[in-house]
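Just below is one structure, and these are the notes that go with it.
Please treat every number below as a calculation from the coordinates, not as lab data. Just so it is clear, the model here is predicted, and its values are computed rather than measured. Because the Cβ atoms are built from the backbone with ideal geometry, glycine has one as well, and the counts that use them run over all protein chains shown.
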Amino acid sequence: MKLVTLRDILGKAEKGGYAVGAFNANNMEIVQAIIESAVEERSPVIIQASQGAIKYAGLDFIVSMVMTAAESADVPVVLHLDHGTDFSQVMRCIRHGFSSVMYDGSRLPLNENISITKKVVEVARAVGVSVEAELGKIGGTEDDVSVDERDALFTDPQEAKIFVEETGVDALAVAIGTAHGVYKGEPKLDFPRLRKIKELTDVPIVMHGSSGVPDAAIRQAVELGVSKINIDTDIRQAFVRSAVAYMKENPDNIDPRKILAPAKESAKKIIREKMRLFGSSGKA
Ligand code: 13P
């Protein structure tokens, strides 16, 4: 199947009261795990690559792997850039065949964030690519994007309204108390803020830093209008823990396939659970 955009799948998700998982991929096994999970769950899916993943695997490799995987899949697949912080990088991804991009100008003053996001939307729209942008600062550390947790600033609903009206983005990532990476305590989400943002913007809302968020909080966020949920850390943990466990039991193993095949299965288990939790299973 040809790649689709956020526009193609998030409107349906909003109407249907579910969210679509956006899973980060760094290597072939994780790309395969994401696609196989989507096919087995009959779920639409977003495969996203961060700037760090692109640096690691190479832009051409990421695009080729996802295209190959998507061609044989009979469910909708989006190839999305996660946290593009540089206009040129975003343009390169569009040129190489990404069907969706995130421009993250959340560290910039509002006016600058609006003006660069607007430029991205203008180009992306002309070539049928969807755009996610971010307002407010999501705490934690993510490849190449590090925000001191103390400076993490929640999204202002009124600003969100202006931002969405001025830029015309297809989806908005908001800061409502989630953080990238492993949580030290239980995250406390600001649901009244989320409700207000949704009321004022009426655009699909994206929740970053969703690994480690309790299931009940995820369900509530989906009810309040979150329709794209980003998961990276939970997959990394499952993948690496499985590889480490295999090597502990088989210290003399020298075959990478023996380590990576069970690691891929562990990643699939997590991804399939998330698809069920988000309500996207059976919606493709
Ligand atoms: P986690 O690593 O916390 O799952 O966050 C992923 C994310 O938001 C990617 O943009």
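Taken over the stretch 94-109, the residue count meeting the criterion of being touching a residue at least 40 places away in the same chain (Cβ under 8 Å) and loosely packed, with under 15 Cβ neighbours inside 10 Å is 1. Quick one: is Ala53 in contact (Cβ under 8 Å) with a residue 40 or more places away in the chain, surrounded by fewer than 23 Cβ atoms within 10 Å (Cβ to Cβ), under 20 Å from Ala267 (Cβ atoms) and not aromatic (Phe, Trp, Tyr)? For Ala53, the condition - in contact (Cβ under 8 Å) with a residue 40 or more places away in the chain, surrounded by fewer than 23 Cβ atoms within 10 Å (Cβ to Cβ), under 20 Å from Ala267 (Cβ atoms) and not aromatic (Phe, Trp, Tyr) - is met. If you check Val90, Val121, Val101 for being closer than 20 Å to Val45 by Cα and of a type in the set (Val, Ile, Thr), only one passes: Val101. Scanning the stretch 68-93 for residues that are within 16 Å of the ligand (Cβ to nearest atom) and either buried (at least 23 other Cβ atoms within 10 Å of the Cβ) or over 25 Å from Ala160 (Cβ atoms) (or both) yields a total of 9.
Looking only at the stretch 227-250, count how many residues are closer than 17 Å to Met275 by Cα and within 12 Å of the ligand (Cβ to nearest atom). Looking only at that region, the number is 10. In the condition set (1) without any contact (Cβ under 8 Å) to a residue 40 or more places away in the chain; (2) farther than 25 Å from Gly16 by Cβ; (3) more than 16 Å from the ligand (Cβ to nearest atom), Val31 is compliant with all but (3).
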